[in-house]
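Structure first, then comments.
The values are calculated or read from the model by the stated rules, or taken from the named source; none is laboratory data. Because the structure is a prediction, the values reported are computed rather than measured. In this analysis, Cβ positions are derived from the backbone assuming ideal geometry, glycine residues included, and neighbour counts consider all displayed protein chains. Each accessible area value is taken on the protein alone, full model and side chains, heavy atoms only, with ligands, DNA and RNA left out. Shrake-Rupley method; radii C 1.70, N 1.55, O 1.52, S 1.80 Å.
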Amino acid sequence: MGRAFAYVILGGGVAAGYAALEFSRRGVAAGELCIISDESVAPYERPALSKGYLLPEAPARLPFFHTCVGTNDERLTPKWYKEHGIELVLGTKVTSADVRRKTLITATGETISYKILIIATGARALKLEEFGVKGSDAENVCYLRNLDDANRLVNVMQSCAGGNAVVIGGGYIGMECTAALVTNRIKVTMVFPEKHCMFRLFTPKIAEFYENYYKSKGVNFIKGTVLSSFENDSTGKVMAVILRDGTRLPTDMVVVGIGIRANTALFEGQLTLEKGGIKVNGRMQTSNSSVYAVGDVAAFPVKLFDNDIRRLEHVDSARKTARHTVAAIMAPAKTTNLDYLPFFYSRVFSLSWQFYGDNVGEVVHFGDFSSGKFGSYWVDKGRVVGAFLEGGGREDYETITKAVRNKAVVKDLGELGRKGLDFAFLE
Ligand code: FDA
Ligand code: NAD
């Protein structure tokens, strides 16, 4: 048994949703496009899961955050796919792929063939077991990658109101879930191996601001260590987290955010891989010309960084690589290589920051850290290559974007710090 489509998108996350909208705008015919996803719902804006979804009051729920509301665009409900003749194959895992034969096989044994495949399989959360810690399948230990995880987290959180949580990991999930837990009246201890939170991006000075803010909300930080085991009660629930130095942290629940791995397994040995992802060119085309890759799973050349290959794990990149791929497929003659400016953001409590570019070179902080509007530039070879801003307005963010995009020339680092945001405005 089998079905055949001109275009198949493997994976039904953020990138798949944005690709579908682009396909429909470019005139894909009914019955030509199919999306296969092992999730049971149509593509949605994944960032909502660690923000609006976890609010104690009036939480965000589907269908309100289906793609593409994240860019104030159309909301693609299951009805939309139906009306546009796009086949949504949900709750279906693809278990093998053959790029030579142009076929995918699903867990139900169906063969789906394609002329063009877009790999949009995203990533999976790393498990503690991969670091030698056992027991993360306990009912009050939560990961957060998809809707099922988010529902589980909400249930566990509700059953722990007024209690304690240990959050493992000081990255995006750790920071955003801690803020959500505190808002839900749960007292949090964060544990992570680095010297400060958001180690991959924040400078020590920026991290200090957020850590102090979190401390003012009652959050306790234990840095420079990792957990070694869980202590469970007779029902298997985790009662305490034991750290490597022997510290015992009694807890009602645990949230784990220790990074991700891109879902490349189906294509290992068939496509070229790099930086933990599937390597593509500036048209998002893999080493097989009928296969494209987008979003978290794609490692693509960033023109602005001298075509260095990067795999980005952020929603803006998923949206833009998806749209670019569809343009490259549907209008090849009119589509040049992607020229992408990396953009990351987060919102926690009433704070909100944005970052553009690359965090390499010398750091120059600016602004008033006590007033909550501050930032930093990264300067490499006399040019701005990255910029971070907390508490800015729309115009501020647009302005620092331009400074990074144009690689503004910096003559004097001291002056750059003194001018701060004005430097970008004067550019
Ligand atoms: P995505 O993970 O969205 O989708 C992949 C899809 O493929 C999933 O539906 C998966 O189930 C499916 N799939 C995988 N293998 C399959 C198989 N074999 N068969 C069938 N289906 C398969 N970024 C940001 O910039 N700002 C933010 O605030 C946030 N916030 C945020 C919160 C949370 C909780 C998470 C988990 C992530 C974020 N992100 C983020 C990151 C952002 O969500 C992420 O970069 C995008 O979702 C990536 O989109 P993709 O479509 O590549 O993968
Ligand atoms: P991350 O890479 O941001 O952070 C991982 C953290 O895990 C590290 O900072 C470190 O503190 C910790 N860690 C690593 N090894 C550990 C170990 N052995 N024991 C304990 N801690 C360890 O990953 P994440 O926070 O898990 O986020 C997952 C994905 O979701 C990422 O791709 C991220 O970009 C995405 N996400 C993004 C946003 C956003 O952009 N606002 C929000 C949520 C999630």
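For first residues located in the range 189-204 and free of Cβ contacts under 8 Å to residues at least 60 places away in the same chain, partners that are away from ligand 1 (no atom under 16 Å from the Cβ) and assigned to a loop (DSSP other than H, G, I, E, B) and lie 6+ apart or on another chain with Cβ distances below 6 Å form the pairs 193/226; 204/196. Each residue in the range 39-73 was checked for being surrounded by 15 or more Cβ atoms within 10 Å (Cβ to Cβ), among the charged types (D, E, K, R) and out of contact with any His (no Cβ under 9 Å at 6 or more places or on another chain), and 3 pass. Right, residue 231: among the acidic types (Asp, Glu), open to solvent by 30 Å² or more (accessible area, probe 1.4 Å), in contact with a strand residue (DSSP E or B) (Cβ under 7 Å, 6 or more places away or on another chain) and away from ligand 1 (no atom under 16 Å from the Cβ) or not? Yes: the conditions hold for residue 231.
Selection over the range 176-226 of residues that are outside any loop (DSSP other than H, G, I, E, B), open to solvent by less than 70 Å² (accessible area, probe 1.4 Å) and among the hydroxyl-bearing types (Ser, Thr, Tyr) gives a count of 6. Which residue is farthest from the chain's Cα centre (by Cα), if the candidates are limited to the range 261-297 and must be among the basic types (Lys, Arg) and within 16 Å of ligand 2 (Cβ to nearest atom)? My answer is 275. Could you list, in sequence order, the residues of the range 74-88 that are of a type in the set (Ser, Thr, Tyr) and surrounded by 17 or more Cβ atoms within 10 Å (Cβ to Cβ)? The answer is 81, and nothing else. Residues in the range 328-375 that are over 18 Å from residue 70 (Cα atoms), surrounded by 20 or more Cβ atoms within 10 Å (Cβ to Cβ) and among the aliphatic types (A, V, I, L, M): 328, 329, 338, 364.
Taking into account only those residues within the range 124-147 that are out of contact with any Lys or Arg (no Cβ under 9 Å at 6 or more places or on another chain) and among the basic types (Lys, Arg), which is farthest from ligand 1 (Cβ to nearest atom)? If we take residues in the range 124-147 being out of contact with any Lys or Arg (no Cβ under 9 Å at 6 or more places or on another chain) and among the basic types (Lys, Arg), then 134 is farthest from ligand 1 (Cβ to nearest atom).
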